[in-house]
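Novice: Here it is, the structure, as structure tokens.
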Amino acid sequence: MAEEFNMQGMLDIYLFENGQLLERLQEIVLEQKDEECFDEDAINEIFRTMHTIKGSSGVMMFYQITKISHKLEDVFYYLRESKPENVPHLELVGYVLQVADFITAEMEKIQDGESADGDATEIVAAIDGFLTGLKNGDGEKGKEIKENVYVEINVMKYMK
């Protein structure tokens, strides 16, 4: 006879593993925030991280986490496969941190027994616009770069 399905055990594993993945994601961003771009290893690791979070979130039916991780995965898939030049690095760092913050907040709700009820629509739309710009060659070249205050605030938060 099959053992009773243990949803709480799966949830605990989900939270633990994705928590570790998010910690590593933040380490990668902090290590390379001052570079001109993410190196090939970082791109591959971020892609795999987002792919794993997307898949496990889909299985657990956390659809907003699935949606936002899928969109960031799409960006890093494009970076990995197309190797575009002139990628606005600080803007990309900002999006990675926004995604990490969103997923972390949702996981904290889940851990506290609350619903993962955040809406990722705006962030997903912004990342989609960023990806479209990359595909159209609208990188840093010929574009006025604005100081990304969000990136600086978030980077400082993670350095504590």
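The values are calculated or read from the model by the stated rules, or taken from the named source; none is laboratory data. Here the structure is a predicted model, which is why all the values come from computation and not from measurement. Positions of Cβ are generated from backbone atoms using ideal geometry, with glycine treated the same way; all protein chains shown enter the neighbour counts. Keep in mind that these areas ignore ligands, DNA and RNA; they rest on the heavy atoms of the full protein, side chains included. Shrake-Rupley method; radii C 1.70, N 1.55, O 1.52, S 1.80 Å.
Novice: Per residue, how many Å² of accessible area does region 1-114 show with a 1.4 Å probe?
Specialist: Ligands and nucleic acids excluded, the result is 55 Å² per residue.
Novice: Roughly to the nearest percent, how much of the accessible area of region 1-122 is carbon and sulfur, given a 1.4 Å probe?
Specialist: The nonpolar share, carbon plus sulfur, comes to 49 percent.
Novice: Would you please classify the overall shape of region 2-100 from the alpha carbon gyration tensor, given that a ≥ b ≥ c denote the square roots of the eigenvalues, rounded means a/c under 1.5, and beyond that prolate means a/b larger than b/c while oblate covers the rest?
Specialist: prolate
Novice: At a probe radius of 1.4 Å, what is the per-residue accessible area of Glu27, in Å² to the nearest 10?
Specialist: 90
Novice: Given contacts defined as C-alpha pairs under 8 Å and at least six residues apart, what's the relative contact order of region 23-108, whole-number percent?
Specialist: With pairs under 8 Å counted, the relative contact order is 37 percent.
Novice: Over the Cα atoms of region 40-87, how large are the radius of gyration and the largest Cα-Cα distance (Dmax), in Å?
Specialist: Considering region 40-87 through its Cα atoms, Rg and Dmax are 11.4, 37 Å.
Novice: Related question: Take Met61, Met107 and sort them by solvent-accessible surface of the protein heavy atoms, 1.4 Å probe, largest at the top.
Specialist: If we order Met61, Met107 from most to least accessible, we get Met61, Met107.
Novice: A further question on this structure: Which net charge results for the neighbourhood of Asp112, defined as the other residues with beta-carbon distances under 15 angstrom from its beta-carbon, given Lys and Arg at +1 and Asp and Glu at -1?
Specialist: -4
Novice: At a 1.4 Å probe radius, which order do Glu23, Glu122 fall into by accessible area, largest first?
Specialist: Glu122, Glu23
Novice: Please tell me which of these pairs span more than 21 angstrom C-alpha to C-alpha: Lys67/Lys109; Lys54/Lys135; Lys83/Lys135; Lys33/Lys67; Lys33/Lys109?
Specialist: Lys54/Lys135; Lys33/Lys67; Lys33/Lys109
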